[in-house]
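**Q** Encoded as C-alpha cells, here's the structure I'll be asking about.
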Amino acid sequence: MASVLAPDQLGPTVCVGEILVEIVATTLGEGFLEAQPLVGPFASGAPAIFISQCGRLGGAAAMVGAVGNDDFGRVNIDRLKRDGVDVSAITVDPDYPTGSAFVRYRKDGSRDFVYNIARSAAARFGWSAGVSDLVSRSGHLHVMGSALSVPSAREVIDGAVDIVKARGGTLSVDPNLRKELQLDEDTERRFSRLVATADLLLPSGEELERAAGIAGEADAIRRLFDIGVKEIVLKRGAEGATYFGREGDRIDAPAFLVEEVDPTGAGDCFGGAYLTCRRLGMSPGEALTYGSAAGARNVTVRGPMEGAGTRQELDAFIASTQRRS
C-alpha cells in the first residue's frame, strides 16, 4: 500500500515547538506542595521526543525551537544531535533559561505538571534565515497540539505549512492537548484548520472526537476523512493502536506487554516511529508494529525519551516481547 506521506528522500521531517528539560518526582502523590526526591534533568518536550525517535529510527529529522544558554539547553541539543536530528534551526537564547516541566505521578497513573514554557527560552524563537532554509528543503512537517500554546511556534507553523505543501511535502498532526495548556478561540480555530490540512492524524483516545468535533469513534473517523484527512492512527495506550484508511480499511495492532516505569513520551515515540516508517516506504501494518514497539519500549525506562529505540533495538524488542492476545 503506497504511503500518503512524502518520501524521506524529499527532505527531513521537521517538528516545531517546545524544548524542555523534565524533572520527575520519584514518589507517587498529588503535586509539589512539600519537599520530595526528584530525578533529572531529562531532555524533553513533546516535539523534541517525537523528532528524537524519528532520528533514532533512521529518518531524516530536524527540530525548530529554542533553549537557554545553560546546561539544560546543552542536555537537549546534545541529545538531539546524538539521535541524528538536524539542530541548525534551534536558537540558543542568551537571556532566558531553558524551559522546564516538573512531573509527579498519582497512584492512578495520571500526572501533575508544573511548566515553565511561556517565560522561558522555549517560547522565544520565530521565523529566521535558518528556519527558512530548513523549511525550504523539508519533506514533512509534524505539528503537536501542545506547540500551539506557544505564539512563536504558531508563527513558524503557519509559515511552514504552505511552503512544505507547495514542494510536495506532507503534514501530520498529533492533537496532544493537555489540560494545563488551554487554547484560546483563535488557537482552537488554527488547530481545526491544521486538522483539515493533515495528511496523517495521530490522536490518542478522546482527542479523536475533539479533532473531529463530533462524538463517537465511527462518526469521528468519517467526519475527519470528509474534511480532508488522508490517514488516521488512533493510539489506544495499553489497548494498542488502530490504523484507518480512507477506503474503509482498518488494521488493529495489539500492544506489547511490558512493565511500565514511566509512561511520559510513549505516544510521542509511537508517532515518531510510525511516521518515519511510513516515510521510509513501509506498509501501515509494519509501521504500526514499529510504532507500538517504540511506545512500549520507551515506557520501560524512566525519562520521557530515554527508551526511544533505533531500528536494531526495536527489531530486537519486537522479536523478544509478547503482545496482547
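The values are calculated or read from the model by the stated rules, or taken from the named source; none is laboratory data. Worth saying up front: this structure is predicted, and the values here are computed from it rather than measured. Note that each Cβ is placed from the backbone with ideal geometry, even for glycine, and that neighbours are counted across all protein chains shown. Calculation scope for accessible area: heavy atoms of the full protein, side chains included, ligands and nucleic acids excluded. Shrake-Rupley method; radii C 1.70, N 1.55, O 1.52, S 1.80 Å.
**Q** List the chymotrypsin sites (Phe, Trp or Tyr not before Pro) within segment 1-90 that fall in a DSSP loop (any state other than H, G, I, E or B) and whose Cβ has at most 16 other Cβ atoms within 10 Å. Walk me through the numbers before you get to the answer.
**A** Values: sites: Phe32, Phe42, Phe50, Phe72; in loops: Phe32.
Of the chymotrypsin sites (Phe, Trp or Tyr not before Pro), the ones in loops of segment 1-90 whose Cβ has at most 16 other Cβ atoms within 10 Å are Phe32.
**Q** Pop out the ³J(HN,Hα) list for segment 23-31 in order, Karplus 6.51 cos²θ - 1.76 cosθ + 1.60 with θ = phi - 60°, rounded to Hz; leave Gly and Pro as x.
**A** Result, ordered by residue: 10, 10, 6, 8, 10, 7, x, 10, x Hz.
**Q** Write out the GluC sites (Glu not before Pro) in segment 114-223 meeting two conditions: DSSP loop, and at most 16 other Cβ atoms within 10 Å of their Cβ. Mind showing how you got there, number by number?
**A** On the way: sites: Glu155, Glu180, Glu185, Glu188, Glu206, Glu207, Glu209, Glu217; in loops: Glu180, Glu206.
Of the GluC sites (Glu not before Pro), the ones in loops of segment 114-223 whose Cβ has at most 16 other Cβ atoms within 10 Å are Glu180, Glu206.
**Q** Long-range amide H contacts for Gly205: which residues qualify at under 5 Å (H placed 1.01 Å from N, peptide plane, sequence gap of 5 or more or a different chain)?
**A** Lys235
**Q** Next question, about the same structure. In segment 1-79, what percentage of the DSSP-assigned beta bridges are antiparallel, given to the nearest 5?
**A** Working: 5 of 9 bridges.
Within segment 1-79, antiparallel bridges account for around 55 percent of the total.
**Q** Determine the shape class of the chain: with a ≥ b ≥ c the square roots of the Cα gyration tensor eigenvalues, call it rounded for a/c under 1.5, and otherwise prolate if a/b is greater than b/c, oblate otherwise. Write out the running numbers ahead of the final one.
**A** Working: a/c = 1.34, a/b = 1.10, b/c = 1.22.
The shape class here is rounded.
**Q** Which percent of the accessible heavy-atom area of the chain goes to carbon and sulfur, probe 1.4 angstrom? Working shown, then result.
**A** On the way: 6510 of 13260 Å².
Looking at the chain in its full context, I get 49 percent from C and S.
**Q** Relative contact order (percent) for the chain, with alpha-carbon contacts under 8 angstrom and 6 or more residues of separation? Could you put the intermediate results ahead of the total?
**A** Values: 764 pairs, mean separation 61.7, N = 325.
Worked out over the chain, it gives 19 percent.
**Q** Whole number in Å², please: accessible area per residue of segment 103-233, 1.4 Å probe, ligands, DNA and RNA not counted. The partial results should precede the final answer.
**A** Working: 5550 Å² over 131 residues.
For segment 103-233, the per-residue accessible area is 42 Å².
**Q** Turning to a different aspect of this structure: Could you order the peptides 298-307, 52-61, 22-31, 220-229 from most to least packed, using the average number of other C-beta atoms within 10 Å per residue?
**A** Working: 298-307: 22.0, 52-61: 26.7, 22-31: 15.3, 220-229: 18.3.
Descending packing order for the listed peptides: 52-61, 298-307, 220-229, 22-31.
**Q** How big is the shadow of the Cα convex hull of segment 1-93, averaged over all directions, in nm²?
**A** Values: hull surface 33.5 nm².
Hull-based average projected area comes out at 8.4 nm².
**Q** Would you mind telling me which residue in Tyr290, Tyr274, Tyr243 has the biggest mean-square fluctuation in a Gaussian network model of the chain, where springs connect alpha carbons within a distance under 10 angstrom?
**A** Tyr243
**Q** Right, here's the next one. Does segment 87-180 come out rounded, prolate or oblate, given a ≥ b ≥ c as the square roots of the eigenvalues of its C-alpha gyration tensor, rounded meaning a/c under 1.5 and, failing that, prolate meaning a/b above b/c? Present the calculation step by step, with values, prior to reporting the outcome.
**A** Values: a/c = 2.89, a/b = 1.52, b/c = 1.91.
Oblate is the answer for segment 87-180, as a/c is 1.5 or above yet b/c matches or exceeds a/b.
**Q** On to the next question. For segment 30-151, calculate the relative contact order in percent as a whole number, restricting contacts to Cα pairs under 8 Å that are 6 or more residues apart.
**A** In percent, rounded to a whole number, it is 25.
**Q** Below 12 Å, Cα to Cα, which aspartates and glutamates can Lys165 reach? Residues fewer than 8 away in the same chain don't count.
**A** Filter leaves Asp199.
**Q** In a Gaussian network model over the chain where Cα atoms closer than 10 Å are linked, find which of Ile163, Ile19, Ile51 has the largest mean-square fluctuation.
**A** Ile163
**Q** Given a 10 angstrom Cα cut-off, can you work out which residue in Asp315, Asp199, Asp249 is the most mobile in a GNM of the chain?
**A** Sorting by GNM fluctuation, first place goes to Asp249.
**Q** What chymotrypsin sites (Phe, Trp or Tyr not before Pro) in segment 114-212 are in a loop by DSSP, with at most 15 other Cβ atoms within 10 Å of the Cβ? Working shown, then result.
**A** Numbers: sites: Tyr115, Phe125, Trp127, Phe191; in loops: Phe125, Trp127.
For chymotrypsin sites (Phe, Trp or Tyr not before Pro) across segment 114-212 that sit outside H, G, I, E and B with at most 15 neighbouring Cβ atoms in 10 Å, the list reads Trp127.
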